[in-house]
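*Asks:* Structure in structure tokens, see below.
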Amino acid sequence: MATADVPAISRSRATRASLRLAVLMFMADPQWLIPSMIAPVIFGVVAFELFRGAGPYFLTYAILGAGMMSMWGQTLYGSGWAIGQDREFGTLEPTVQSPTPYVYVVLGRVLWNVVSGLMGGGIVYLVVLASAGSPPAVPDPVGFVILFLFVMLTLASVGILFSAAWVYTRYSGFIQNVGEFAFYVGTGCMFPIVLLPFWTNPIGLFFPPTWALDALRYLSIPGYVGFSWGFWPDILGAVVTTLVYVAIAGTIFKRVELHVLAKGNLSDY
């Protein structure tokens, strides 16, 4: 059956089944609670206590930094494992050869990574809120929520691309461990990227969350000074880079499927 002939219901069923399996595996292996829900809470509370009284909007900085740490960590690790688990269990080639495109299986796993990261961000918010005793000052709460969801979409696009790229390396775990904090810092998750040396900024702009997070801070923190071009160019940059990531990931997955159909396995990688 050609990919174009696969009914939409089959694709949605594969995504739902993959999402359900990801939830069950998360519950069966609670080690993920540490990087996605426990460590960010500690970072958030420490940051708040260190800079308590620094201004009405510092609470927003603390929540965004620790919350995005949770979501970025879950995206980075979870997406690397999204394909690694199939390779380890020996189910990668049979899954890729199924009529439903493999990207829909990975999509279910990445969606759970985003949801679990969002749960971690919610826990960070509640704990820091309890420490502060009052909610953060946000000038446009509705716009903040909408843009925050868009940030999650940019994270998902990175997760899908990473999942595709990890097929071609046996060192995904090493790359994840080495790159975790580099990604936290380089994309502006922990603090605005403009605080880093200027030569690092062009590197960060390769990642969609860098643009989206800068826009989110412009929206939620009056007087914030980020990239000189401002809010709307940030939004445009985030949309363009997200679309590029999704297109590249789709191309890689297509190549993987063709390789498996031709060779029958991925032992070359």
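The values are calculated or read from the model by the stated rules, or taken from the named source; none is laboratory data. Keep in mind that this is a model prediction, so the values were computed, not measured. Positions of Cβ are generated from backbone atoms using ideal geometry, with glycine treated the same way; all protein chains shown enter the neighbour counts.
*Asks:* Tell me whether segment 56-73 contains one or more residues that are at pLDDT 70 or above, out of contact with any Cys (no Cβ under 6 Å at 6 or more places or on another chain), surrounded by fewer than 22 Cβ atoms within 10 Å (Cβ to Cβ) and not in a helix (DSSP H, G or I).
*Replies:* Within segment 56-73, none of the residues are at pLDDT 70 or above, out of contact with any Cys (no Cβ under 6 Å at 6 or more places or on another chain), surrounded by fewer than 22 Cβ atoms within 10 Å (Cβ to Cβ) and not in a helix (DSSP H, G or I).
*Asks:* Which helices (runs of 4 or more DSSP H) does segment 168-233 wholly contain that include 2 or more residues that are at pLDDT below 75?
*Replies:* It comes to 172-186.
*Asks:* Using the structure shown, decide if residue 142 is modelled with pLDDT of 80 or more, surrounded by fewer than 20 Cβ atoms within 10 Å (Cβ to Cβ) and more than 27 Å from residue 92 (Cα to Cα).
*Replies:* Criteria met by residue 142.
To keep it simple, each residue is scored yes or no on (1) free of Cβ contacts under 8 Å to residues at least 40 places away in the same chain; (2) within 16 Å of residue 188 (Cα to Cα).
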{"position": "206", "(1), (2)": "yes, yes"}
{"position": "213", "(1), (2)": "no, yes"}
{"position": "217", "(1), (2)": "no, yes"}
{"position": "222", "(1), (2)": "no, no"}
{"position": "229", "(1), (2)": "yes, no"}
{"position": "237", "(1), (2)": "yes, yes"}
{"position": "241", "(1), (2)": "no, yes"}
{"position": "246", "(1), (2)": "no, no"}
{"position": "249", "(1), (2)": "no, no"}
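*Asks:* Take the residues in segment 15-45 that are among the hydrophobic types (A, V, I, L, M, F, W, C) and more than 25 Å from residue 105 (Cα to Cα); name whichever of them is modelled with the lowest pLDDT.
*Replies:* Among those that are among the hydrophobic types (A, V, I, L, M, F, W, C) and more than 25 Å from residue 105 (Cα to Cα), it is 34.
*Asks:* Within segment 102-154, track down each residue that is more than 17 Å from residue 164 (Cβ to Cβ), of a type in the set (Val, Ile, Thr) and assigned to a helix (DSSP H, G or I).
*Replies:* 115, 123, 124, 127, 128, 142, 145, 146, 151
*Asks:* Checking residue 86 against (1) crowded, with 18+ Cβ neighbours inside 10 Å; (2) acidic (Asp, Glu); (3) at pLDDT 75 or above: exactly one of these is not met. Which one?
*Replies:* It fails just one condition, (3).
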